[in-house]
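To start, the structure itself, in structure tokens.
The values are calculated or read from the model by the stated rules, or taken from the named source; none is laboratory data. Because the structure is a prediction, the values reported are computed rather than measured. Glycine gets a Cβ as well: all are built from the backbone with ideal geometry, and neighbour counts include every protein chain shown. Ligands, DNA and RNA are excluded from the accessible area calculation, which covers all protein heavy atoms including side chains. Shrake-Rupley method; radii C 1.70, N 1.55, O 1.52, S 1.80 Å.
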Amino acid sequence: NYGFLRGIKSLGINYGQVGNNLPQPENVLDLLISLKLTKARIYDTNPQILTAFSNSNVELIVTVENQMLAVLTDPQQALQWVSTHIKPYFPATRITGIAVGNEVFTDDDTTLLAYLVPAVVNIHSALAQLGLDRYIQVSTPNSLAVLAESFPPSAGTFKTEVSGVMSQFLHFLSNTKSPFWINAYPYFAYKDKPDDIPLDYVLFKPNSGMVDPYTKLHYDNMLYAQVDAVIFAIARMGFNEIEVRVSETGWPSKGDSDEVGATIENAAAYNKNILRRQLNSEGTPLRPNMRLEVYLFALFNEDLKPGPTSERNYGLFQPDCTMAYNVGLSALSSPSTPSASISLTSSATK
């Protein structure tokens, strides 16, 4: 059983709140506990959630909203922010990470980029001043669009226009032993080129995969290839020890007519297969012995999200806490389903 518990520890979930019909945070916590999920990420520092999650075993990554970055370039403001948004809740609420902004490197507002590293450094310094830096890591989630090149993985390189700030940011991660977070969605790659990309390859289904011609490493799924492309891009900047974690990945269960592949069947397959990999504590071909940490997107379908239909249909659950589709998480919570628990246990003890 130890293997099973250890395996699932590398799986988290993104708990977005862009909806007008979502359950109370207390009910969300009950849901996470019933699913045996012990890691979650929120997109703000909602006091209701931070309070509700206190004295639970759920580790939480919280987020500084992008519009706050400019303010946090002032060290005093950063100290004030941590004193108000983090300190009152810690350690009763197990805050383990602060995401400073979200996808800042590729944001339409290019002025944000200049604020990122000062904000990150100041938040970390504020944590250090309050004696919290040993418990809480500081980083920022990045879109895969920070890469100029991602295929084959060994060709991974960052876009030249972000390389200056990226170099400073990687220095910070290296010095503080913090992870590089990537939001990686094979769904987008498939949707854009369904004729070129085999569906089984993006859904982690049995397929012949691809071999990187330079490293000779074999990839049987796109997510691992994307992560390794990021590791290569970081290495090209001179950093070899930084851990890469997937801060978001998922698959929509519904989409518009031009959103190829956005179906319940594909969403169930993608998330179920990631779950299976997580139970096996897998690493990527480039770092096979380093368990890859993955946060699924998302916990709920969020009805107020703008954009195409898919944006409102990434949830594993409906707002009333019923499953949007069965992804196998229920098997973790109900040992009474023998077939499910047998298959999960056996894959975990391999």
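Go through the stretch 249-291 and count every residue that is in a loop (DSSP other than H, G, I, E, B) and more than 25 Å from residue 303 (Cβ to Cβ).
Just the residues of the stretch 249-291 that are in a loop (DSSP other than H, G, I, E, B), to begin with: 250-263, 280-291.
Filter again for more than 25 Å from residue 303 (Cβ to Cβ), leaving 280-291.
Total satisfying the criteria: 12.
For the condition under 27 Å from residue 286 (Cα atoms) and of a type in the set (Ser, Thr, Tyr), what is the one hit in 110, 160, 93? So that I can check it myself, show each step before the final result.
On the way: 110 fails: under 27 Å from residue 286 (Cα atoms); 93 fails: under 27 Å from residue 286 (Cα atoms).
Every option except 160 fails the conditions.
Taking only pairs six or more apart or across chains, which ones have beta-carbon atoms under 7 Å, a first residue in the stretch 169-187 that is assigned to a loop (DSSP other than H, G, I, E, B), and a second residue that is modelled with pLDDT of 95 or more and open to solvent by 20 Å² or more (accessible area, probe 1.4 Å)?
Filtered contacts from the stretch 169-187: 178/137; 179/137; 179/243; 179/245; 184/144.
I need every pair where a residue in the stretch 107-133 that is assigned to a helix (DSSP H, G or I) has its Cβ under 8 Å from the Cβ of a residue that is among the charged types (D, E, K, R), sequence separation at least 6 or different chains.
113/107; 122/74; 124/133; 127/133
Which residues, counting only those in the stretch 85-106, are open to solvent by 20 Å² or more (accessible area, probe 1.4 Å) and under 28 Å from residue 162 (Cβ atoms)? Lay out the reasoning, then the answer.
Residues of the stretch 85-106 that are open to solvent by 20 Å² or more (accessible area, probe 1.4 Å), as a first pass: 85, 87-92, 94, 96, 102-103, 106.
Answer for the stretch 85-106, where residues must be open to solvent by 20 Å² or more (accessible area, probe 1.4 Å) and under 28 Å from residue 162 (Cβ atoms): 85, 96, 102, 103, 106.
Looking only at the stretch 136-168, filter to residues that are in a loop (DSSP other than H, G, I, E, B) and more than 16 Å from residue 100 (Cα to Cα); which one of those is most open to solvent (accessible area, probe 1.4 Å)?
Within the stretch 136-168, the subset in a loop (DSSP other than H, G, I, E, B) is 136, 140, 150-152, 156, 159.
Okay, now just the ones that are also more than 16 Å from residue 100 (Cα to Cα), so 150-152, 156, 159.
Numbers: 150: 47, 151: 134, 152: 20, 156: 0, 159: 67 Å².
Among them, the one singled out is 151.
Every residue in the stretch 214-227 that is open to solvent by less than 70 Å² (accessible area, probe 1.4 Å) and farther than 13 Å from residue 156 by Cα, please.
First, the residues of the stretch 214-227 that are open to solvent by less than 70 Å² (accessible area, probe 1.4 Å): 215, 217, 219-227.
Selection gives 217, 219, 220, 221, 222, 223.
With open to solvent by 40 Å² or more (accessible area, probe 1.4 Å) and out of contact with any strand residue (DSSP E or B) (no Cβ under 8 Å at 6 or more places or on another chain) as the only criterion, which of 252, 206 stands out? Let's see the steps before the verdict.
On the way: 252 fails: open to solvent by 40 Å² or more (accessible area, probe 1.4 Å).
Just a single option satisfies the conditions, and that option is 206.
Which residue out of 55, 46 is more than 25 Å from residue 101 (Cα to Cα) and either at pLDDT below 95 or of a type in the set (S, T, N, Q) (or both)? Lay out the reasoning, then the answer.
Numbers: 46 fails: more than 25 Å from residue 101 (Cα to Cα).
Just one listed residue meets the conditions, 55.
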